[in-house]
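Everything below concerns the one structure shown next.
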Amino acid sequence: MKLKDETKVAAETLDQAKKQEEVAAAAAAEEVAVEVEPKTGVSFPVKLTDGKELMTVGMYYDKEKLKENLKTKIDSKESTKPTKEMYQAVTDSDSAMTVRLVIVFSSLTMNMVKKNFDEGLGASIKKLTGGKKNDDLANKVMGAASDGIKLSSGSVIEISRLPGNVLQTKVVDEVISKVESELLCRAYVNMYLGDDPLDKEAKEKFGMQLLSMF
């Protein structure tokens, strides 16, 4: 009787080990590929858990919905290179997107990030409003982020444009603000796709990705 019990336990142990191996294999198969940004060495997953896909460094869109929203505004047969009108159409489109910012230098503080971000967003708002300042609006995005938030190399800040022209900000997985404003959403996208983008190469890559969708 004792021998049978031991045999049963051994069989159950083997079954459990087999199941664990199957789970591990399934998890490995589901691992998302990454794209490495050559300037910083930061890796970006090519797809987020919500389905958005990487179109350029750190910038994700739901490609199918973006294509649906822009199908009457973009004709790739007429254009072989991205045009200002194409970028403007994306900026004005209420299409869900996420920009993933990854901290590279551990010496950065939350206060430093807020200051640089507010200045950049404020300048973008001025460009869209004919030179009118709106610092109060710009400061709503990062303003609620505590200066005590500890940032380290690899910390992630995600700023997403949600349907209904809502700009949501997450710092280290914590939602710190949700602001409903069409101007704010357009100004944020304009920082990356406008006439004076933060990264010209990233903007051009986005444009080519956009053309390839049509």
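The values are calculated or read from the model by the stated rules, or taken from the named source; none is laboratory data. Everything quoted here is computed from the prediction, not taken from an experiment. Methodologically, a virtual Cβ is constructed for each residue, glycine included, from the backbone with ideal geometry; neighbour enumeration extends over all protein chains shown. To get the accessible areas, we keep the full protein, side chains included, count just its heavy atoms, and leave off ligands, DNA and RNA. Shrake-Rupley method; radii C 1.70, N 1.55, O 1.52, S 1.80 Å.
The table below gives the values:
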| read-out | value |
| --- | --- |
| Flag if LYS200 is without any contact (Cβ under 8 Å) to a residue 24 or more places away in the chain and over 18 Å from TYR60 (Cα atoms) | no |
| Residues that are farther than 14 Å from THR129 by Cα and surrounded by fewer than 17 Cβ atoms within 10 Å (Cβ to Cβ), drawn from the stretch 180-196 | GLU180, ASP195, ASP196 |
| Any hit, the stretch 86-96, residues being modelled with pLDDT under 95 and open to solvent by 40 Å² or more (accessible area, probe 1.4 Å) | yes |
| Qualifying position, being surrounded by fewer than 19 Cβ atoms within 10 Å (Cβ to Cβ), assigned to a helix (DSSP H, G or I) and in contact with a helix residue (DSSP H, G or I) (Cβ under 6 Å, 6 or more places away or on another chain), among ASN116, ASN139, ASN111 | ASN139 |
| Qualifying residue in the stretch 48-55 (condition: at pLDDT 95 or above, touching a Leu at 6+ places or on another chain (Cβ under 9 Å), over 15 Å from SER212 (Cα atoms) and surrounded by 15 or more Cβ atoms within 10 Å (Cβ to Cβ)) | yes |
| Among (1) touching a Cys at 6+ places or on another chain (Cβ under 9 Å); (2) modelled with pLDDT under 95; (3) not hydroxyl-bearing (Ser, Thr, Tyr), the one test that LEU211 misses | (1) |
| Residues satisfying the stated conditions in the stretch 145-179, i.e. in contact (Cβ under 8 Å) with a residue 40 or more places away in the chain, of a type in the set (A, V, I, L, M, F, W, C) and farther than 25 Å from ASP92 by Cα | LEU151, VAL156, VAL171 |
| Residues of the stretch 180-197 that turn out to be touching a residue at least 40 places away in the same chain (Cβ under 8 Å) and touching a strand residue (DSSP E or B) at 6+ places or on another chain (Cβ under 8 Å), as a count | 6 |
| Scan of the stretch 76-102 for residues that are of a type in the set (A, V, I, L, M) and touching a helix residue (DSSP H, G or I) at 6+ places or on another chain (Cβ under 8 Å), ordered by number | MET86, ALA89, VAL90, ALA96, MET97, VAL99 |
| Test: residue in the stretch 67-84 that is basic (Lys, Arg), in contact (Cβ under 8 Å) with a residue 40 or more places away in the chain, buried (at least 20 other Cβ atoms within 10 Å of the Cβ) and more than 21 Å from LYS200 (Cβ to Cβ) | no |
| Selection count, the stretch 76-106, where residues are hydroxyl-bearing (Ser, Thr, Tyr) and closer than 24 Å to LEU48 by Cα | 5 |
